[in-house]
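The values are calculated or read from the model by the stated rules, or taken from the named source; none is laboratory data. All values derive from a computational prediction rather than experimental measurement. Glycine also receives a Cβ, built like all others from the backbone with ideal geometry; neighbour counts cover every protein chain displayed. Please note that ligands, DNA and RNA were not included when accessible areas were found on the heavy atoms of the full protein model with its side chains. Shrake-Rupley method; radii C 1.70, N 1.55, O 1.52, S 1.80 Å.
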Amino acid sequence: MIFGRKNRKPISITDKKVVEWKYAVCGYCSTGCSLEVGLNSEGKPVASRGKGNAPVNQGKLCIKGIFEHELSGTSGRGKEPLIRNRIYENFNVTDWDTALDKTASEFKRIQDKYGRDSVAIVSTGQLLTEEFYTLGKLVRGVIGTNNYDGNTTLCMASAVSGYKRSFGSDGPPGCYADFEETSCLMAFGSNLPEQHPIIYWKLKEALEKRKFPLIVVDPRVTMFAQFADIHLPITPGTDLVLLNALAHVILKEGLQKQEYIDAHCNDFEAFKATVEKYDPVTASRICGIDPDTIKHVARIYAKAPSAMSIWTMGINQSTHGTDGVCGINNLNLITGNIGVAGGTSLSITGQCNAMGTREWSSCSGLPGYRMLEKQQHRDEVAQFWGVDESFFPAKRGLQQTDIFPAIESGEIKALWIVATNPLTSMPNQPRIKKALEKLEFMVVQDGYQDCETVDFAHVYLPAAVWGEKEGVQTNTERRVNLVRKFTEPPGNAKADYWIFNELAKRFERGRQIRFPETSSEIFDEMKLLSKGEGRNLDISGMSHDLIEAQRGIQWPMREGDETGNPRLYSDGVFATPNGKANLLAMDYIEDNEVPDDSFPFWLNSGRVVEHFHTRTKTGKIGNLNKFSPTPYMEMNPDSARELGVEHQKYVRLVSRRGDAVVMVQLTQRVARNMVFIPMHYHDCVNRLSLGLLDPYSRQPAFKQCAVRIEHIDQKEAAQLNVERRAF
Ligand SMILES: Nc1nc2c(c(=O)[nH]1)N[C@H]1C(S)=C(S)[C@@H](COP(=O)(O)OP(=O)(O)OC[C@H]3O[C@@H](n4cnc5c(=O)[nH]c(N)nc54)[C@H](O)[C@@H]3O)O[C@H]1N2
Ligand SMILES: Nc1nc2c(c(=O)[nH]1)N[C@H]1C(S)=C(S)[C@@H](COP(=O)(O)OP(=O)(O)OC[C@H]3O[C@@H](n4cnc5c(=O)[nH]c(N)nc54)[C@H](O)[C@@H]3O)O[C@H]1N2
Ligand code: SF4
Ligand SMILES: [Mo]
C-alpha cells in the first residue's frame with residue numbers, strides 16, 4: 001500500500017498478507033477495545049487493527065493494542081508442566097497427569113492434616129469470565145477452602161467495597177456515553193491518557209464537540225492533569241478531606257438536590273454533621289488545596305446540570321481507599337448525579353477482566369454478585385450446582401493481602417497462584433519472599449514460565465493466554481465482549497478452564513458436579529444462573545455470537561431484550577434493604593507512612609502507557625519495551641540539584657523495608673518532595689513499598705510511603721541492572 005503525495009517520499013506499509021481477520025476484545029486494560037487479529041496463510045497472527053463501528057473504540061487502538069498480535073511467539077512461554085520437590089532445585093519437565101495428580105494429592109494431604117482453609121488460592125483479573133466461573137465452582141463447590149481471592153485486592157477492592165457501602169451492591173452505575181451528556185467531569189487519581197488511552201480519546205472527542213470543565217485531582221502533573229482546566233495537586237492520601245470539604249461547601253451554600261436526598265438517601269443528618277467540620281480552611285491545611293479553589297470547584301460541580309466523577313488507583317490504593325470511593329458517591333448523591341445521563345460515579349477498572357472476576361469468580365462470595373451471608377443466595381447456587389449448601393463457608397475468608405501474613409503465621413501451608421505475579425506486584429517484597437519460602441506446596445499457573453513467582457513453585461502449570469482460547473471479558477462500563485480463539489498455545493500449554501476441569505476430576509466432589517467442556521457451554525450455564533427477579537447482573541439475553549455481532553453488550557441484558565442497558569439505578573432504587581443509598585459520614589484519620597527527616601520523599605508509583613504490569617507480556621515486545629527498558633524514577637530538578645543528583649544517573653532509594661536502584665529522570669511532573677516509579681519492574685518499587693491496608697477493602701496503600709535518596713557508584717549500579725531480571 002502506498003500513501004502520500006506523488007513524487008514525495010511515500011510512506012509504505014508492508015503488506016502483511018492477511019488472509020483472515022478474527023474478532024477479539026483487547027487483553028490488556030479494562031477499556032475493552034474491540035479489535036481484529038489478522039492471520040496469514042499459515043495461520044500466524046501478523047497484524048492487529050481496531051474494529052470499526054465498535055461502540056467502545058470505533059476502530060481506534062492504543063499502542064498496546066496495535067502490537068497485540070506480537071504476543072504470539074513471545075519468549076518465556078511455558079510449554080510443558082514442570083515439577084520439583086524443593087524450591088531452588090532444578091525443575092523437571094513432566095506430563096499433565098503427573099502435575100495435576102501431584103497438585104490434587106498435595107491439596108488433599110494438606111487439607112486433611114491442617115484443615116480445609118490451609119490451602120489458599122489467589123487468582124487474577126485476566127482470565128476469561130467462563131474461566132473465573134469454573135474456578136469459583138471448583139473452589140467453592142469442590143476444594144472448599146475459604147482462603148480464596150484475586151489480585152483485584154491490589155486493584156479494584158476499594159471500589160467494590162465503596163459501591164457496596166454506598167449502594168448496597170457492586171456494579172459501576174455509569175458508562176462511557178455519559179461523557180457525551182455530562183456538563184462537568186472530575187477525575188480522581190487516574191491518568192486516563194496513559195492507562196486508558198481510548199477512554200481518554202472518547203472523553204476528548206466529547207470535549208471537542210461541547211466544552212465542559214475537566215478537573216483532575218492528582219499529586220502528580222500527569223498528562224491528564226496537563227489537559228485539565230483545573231488541576232488539584234492534592235497531598236497524597238487526603239482525597240477524603242477534599243471530598244468532605246466539597247460537600248461542606250455544597251451544603252453550606254444550599255447547592256444540594258434536597259429532593260433527591262430526601263427521596264433516595266439514608267443518614268443525611270449524620271453526614272451533614274460530619275462534613276460540617278471540614279470547612280475549606282481546615283481542609284486546606286490537610287489536603288493542600290487552596291480554600292478558594294475548593295469553593296470554586298464545589299460550585300462548578302454542584303451547579304452543573306449534570307456532573308460525573310471517575311477515579312482509579314490514586315483513590316483505591318490508599319488507607320482511605322474505600323472512604324474515598326464513598327466520598328465520591330456522597331458527592332454524586334447530594335448533587336443528584338447517580339443513574340442519570342452524564343451524572344455518575346464511574347470507577348475506571350484496571351485489568352481487562354477485573355469486572356469478570358468481580359461478577360463471576362466467587363472470590364468475594366458466590367457467582368453473579370451473590371453473597372455467602374445470604375441464605376437465599378446459598379440455596380440458589382447450591383441447588384444449581386448440586387452441592388450441599390452447608391459446604392459453603394459462612395462468610396468470606398482471607399483476602400490476598402491477608403493470605404501472605406497467614407502463610408507467615410503457619411495458618412496457610414499451600415498456595416495456588418493463577419495468572420498473577422505477586423513477587424513483583426505485592427508491597428514489601430522482602431516479606432513476600434520469606435513467606436513463599438515457608439510454604440509446604442506451591443503451584444503457579446501462568447502463561448509465562450519466566451514470571452518471577454515461578455521461582456517459588458513446586459509445580460508449574462503452563463497456561464494458554466489471550467487469543468489461544470475463547471470466551472468473554474467485561475469492561476469498565478459493564479460491557480461483555482468476546483475473544484475468539486485465533487491461534488494455538490505453544491507446546492502443551494492448556495486453557496485455564498481445561499486445567500480447572502481436569503483438576504476437578506481428581507476430587508470426589510468434582511466428579512459429582514457437572515463441569516461443562518467448552519466455553520460457550522459454560523457461558524450458557526452462567527446465563528441460567530444470572531436470571532432472577534430484581535437481579536441487575538443478568539446476561540440471559542446474550543450469546544457469544546450476539547456479543548460479536550454487537551461488538552460487546554452491557555449487562556443487564558435480560559432474555560428477550562434486544563440489547564444491553566447503559567446505566568444502573570436510573571429509577572433511584574438501590575440494592576440496600578430499604579432501597580435508599582447510604583450517605584456516609586466519614587472522618588479522616590491520619591494513618592499512613594509520611595515523609596520525615598530520615599525519609600524525606602513521598603514515594604508514588606503507577607504506570608506508563610507502553611508497559612503492562614510486571615512486563616511478562618510487554619517486556620517481550622520490542623516496539624513497547626524500547627521506550628522504557630530500565631527501571632527509573634521521576635524526580636524534580638530542583639531537589640535533584642540540592643542533592644547533587646543528575647539526569648540519567650543511577651541512585652539508590654532506601655525505605656524502612658529495603659532498597660532499590662533506579663535511573664533518574666528529571667521532570668517537573670513531580671513536586672520537590674515526591675518521586676514516582678513505574679510499577680512494572682521486578683526488584684524495584686515493591687522492595688520499598690509498605691502497603692498499609694484499607695480497613696474495608698484490605699487494599700494496599702501502594703501510592704504512599706517514604707524514602708530517601710542515596711548516591712551509588714555508577715558501575716555498581718549498572719552491574720546490578722544486568723543481574724536484575726531484565727528482559
Ligand atoms: N499502560 C497501562 N495501562 C494500564 C495498566 C498498565 O499496567 N499499563 N494497568 C491497568 C490496571 S490493572 C489499572 S488498576 C489501571 C490503573 O490506572 P491509573 O490509576 O490511572 O494509573 P496509576 O498510574 O496506577 O495511578 C494513577 C495516578 O494516581 C495518582 N495518585 C497517587 N497518589 C494519589 C492520591 O493520594 N490521590 C490522588 N487523587 N491521586 C493519587 C498518581 O500520581 C497517578 O498519576 O490501569 C490499567 N491500564
Ligand atoms: N507499587 C505498586 N504495585 C502495584 C500497583 C501499583 O500501582 N504500584 N498496582 C497494583 C495493581 S492495580 C495490579 S492490578 C497488580 C498487577 O499485578 P500482577 O497481577 O502480579 O501483574 P501481571 O503482570 O498482570 O500478572 C499477571 C500474570 O498472569 C499471566 N497471564 C496472563 N494471561 C494469562 C492467562 O490467560 N492465564 C494464565 N494462567 N496466566 C496469564 C502473566 O504472564 C502474568 O505473569 O499490581 C499491583 N501492584
Ligand atoms: S486502551 Fe486498553 S483495551 Fe484499548 S487497545 Fe489500549 S490497552 Fe487495549
Ligand atoms: Mo489493577
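Between His296, His264, His320, His248, the distinction of being at pLDDT 95 or above and closer than 30 Å to Pro427 by Cα belongs to His320 only.
Selection of the range 474-497 for residues being under 25 Å from Leu546 (Cβ atoms) and open to solvent by 10 Å² or more (accessible area, probe 1.4 Å) yields Arg479, Arg484, Lys485, Phe486, Thr487, Ala495, Tyr497.
Within the range 63-95, work out how many residues are open to solvent by less than 30 Å² (accessible area, probe 1.4 Å) and out of contact with any helix residue (DSSP H, G or I) (no Cβ under 7 Å at 6 or more places or on another chain). Residues in the range 63-95 being open to solvent by less than 30 Å² (accessible area, probe 1.4 Å) and out of contact with any helix residue (DSSP H, G or I) (no Cβ under 7 Å at 6 or more places or on another chain): 9 in total. Looking only at residues of the range 78-107 that are part of a helix (DSSP H, G or I), of a type outside the set (Ser, Thr, Tyr) and out of contact with any strand residue (DSSP E or B) (no Cβ under 9 Å at 6 or more places or on another chain), we find that the one that is farthest from Ile412 (Cα to Cα) is Asp97. Only one entry in Pro516, Pro556 is farther than 23 Å from Pro173 by Cα and open to solvent by less than 70 Å² (accessible area, probe 1.4 Å), namely Pro516.
Condition first: in a helix (DSSP H, G or I) and of a type in the set (Lys, Arg). Can you find one or more residues in the range 203-225 that meet it? Within the range 203-225 (the criterion being in a helix (DSSP H, G or I) and of a type in the set (Lys, Arg)), the answer is yes, since at least one residue qualifies.
At negative phi, modelled with pLDDT of 95 or more and out of contact with any Phe, Trp or Tyr (no Cβ under 9 Å at 6 or more places or on another chain): is that true of Glu70 in this structure? Here the answer is yes, as Glu70 does meet what is asked. In this structure, is Asp323 open to solvent by 10 Å² or more (accessible area, probe 1.4 Å) and within 16 Å of Val249 (Cβ to Cβ)? No, not satisfied.
Applying the selection to the range 139-176, what residues are part of a helix (DSSP H, G or I) and among the small types (Gly, Ala, Ser)? Within the range 139-176, Gly141, Ala157, Ser158, Ala159, Ser161, Gly162, Ser166 meet the criteria. Just the residues that are open to solvent by 10 Å² or more (accessible area, probe 1.4 Å) and within 16 Å of ligand 1 (Cβ to nearest atom), please, taken from the range 140-154. Once the filter is applied, which keeps residues that are open to solvent by 10 Å² or more (accessible area, probe 1.4 Å) and within 16 Å of ligand 1 (Cβ to nearest atom), the range 140-154 yields Asn151, Thr152, Leu154. Each residue in the range 211-220 was checked for being in contact (Cβ under 8 Å) with a residue 12 or more places away in the chain and open to solvent by 50 Å² or more (accessible area, probe 1.4 Å), and 0 pass. Taking the stated definitions as given, is Ala585 closer than 30 Å to Leu240 by Cα, in a loop (DSSP other than H, G, I, E, B) and modelled with pLDDT of 95 or more? Considered against the rule, which asks whether it is closer than 30 Å to Leu240 by Cα, in a loop (DSSP other than H, G, I, E, B) and modelled with pLDDT of 95 or more, Ala585 comes out as yes.
Here Phe179 meets each of (1) away from ligand 3 (no atom under 16 Å from the Cβ); (2) open to solvent by less than 10 Å² (accessible area, probe 1.4 Å); (3) assigned to a helix (DSSP H, G or I) with one exception, condition (1). Can you pull out every residue in the range 353-411 that is under 21 Å from Arg535 (Cβ atoms), of a type in the set (Ser, Thr, Tyr) and at pLDDT 95 or above? Residues satisfying the conditions are Thr357, Ser361, Ser362.
For the range 235-249, the candidate set comprises residues that are crowded, with 22+ Cβ neighbours inside 10 Å and part of a loop (DSSP other than H, G, I, E, B); within that set, the residue that is farthest from ligand 2 (Cβ to nearest atom) is Thr238.
Given the condition crowded, with 24+ Cβ neighbours inside 10 Å, in contact with a Leu (Cβ under 9 Å, 6 or more places away or on another chain) and of a type in the set (S, T, N, Q), answer yes or no: does some residue in the range 352-359 qualify? Scanning the range 352-359, I find at least one residue that is crowded, with 24+ Cβ neighbours inside 10 Å, in contact with a Leu (Cβ under 9 Å, 6 or more places away or on another chain) and of a type in the set (S, T, N, Q), so the answer is yes. Restricting the range 532-549 to residues that are assigned to a helix (DSSP H, G or I) and without any contact (Cβ under 8 Å) to a residue 40 or more places away in the chain, the residue that is surrounded by the most Cβ atoms within 10 Å (Cβ to Cβ) is Leu546.
So how many residues does the range 380-424 have that are within 25 Å of Gly658 (Cβ to Cβ), open to solvent by 20 Å² or more (accessible area, probe 1.4 Å) and not in a loop (DSSP other than H, G, I, E, B)? Qualifying residue count for the region: 3.
One residue stands out among those in the range 40-54 that are in contact (Cβ under 8 Å) with a residue 60 or more places away in the chain and buried (at least 21 other Cβ atoms within 10 Å of the Cβ): the one that is nearest to Thr476 (Cα to Cα), which is Ala54.
Here Ile63 meets each of (1) away from ligand 2 (no atom under 16 Å from the Cβ); (2) farther than 22 Å from Thr614 by Cβ; (3) of a type outside the set (Lys, Arg) with one exception, condition (2).
The set of residues in the range 429-446 being in contact with a strand residue (DSSP E or B) (Cβ under 9 Å, 6 or more places away or on another chain) and open to solvent by 10 Å² or more (accessible area, probe 1.4 Å) consists of Leu439, Glu440, Asp446. Among residues of the range 302-329 that are within 16 Å of ligand 3 (Cβ to nearest atom), those with a beta-carbon under 7 Å from a residue that is in a helix (DSSP H, G or I) at least six positions away or on a different chain give the pairs Thr312/Gln195.
Just one of (1) within 12 Å of ligand 3 (Cβ to nearest atom); (2) under 28 Å from Leu461 (Cβ atoms); (3) part of a loop (DSSP other than H, G, I, E, B); (4) not small (Gly, Ala, Ser) fails for Leu61. It is (2).
Every listed requirement among (1) more than 15 Å from ligand 1 (Cβ to nearest atom); (2) not in a loop (DSSP other than H, G, I, E, B) is met by Val645 save one, (2).
Which ones in the range 158-176 are within 16 Å of ligand 2 (Cβ to nearest atom) and open to solvent by 10 Å² or more (accessible area, probe 1.4 Å)? Matches in the range 158-176: Val160, Ser161. If we keep just the residues of the range 672-699 that are in a loop (DSSP other than H, G, I, E, B) and out of contact with any helix residue (DSSP H, G or I) (no Cβ under 9 Å at 6 or more places or on another chain), which is least open to solvent (accessible area, probe 1.4 Å)? Out of the qualifying residues, it is Leu690.
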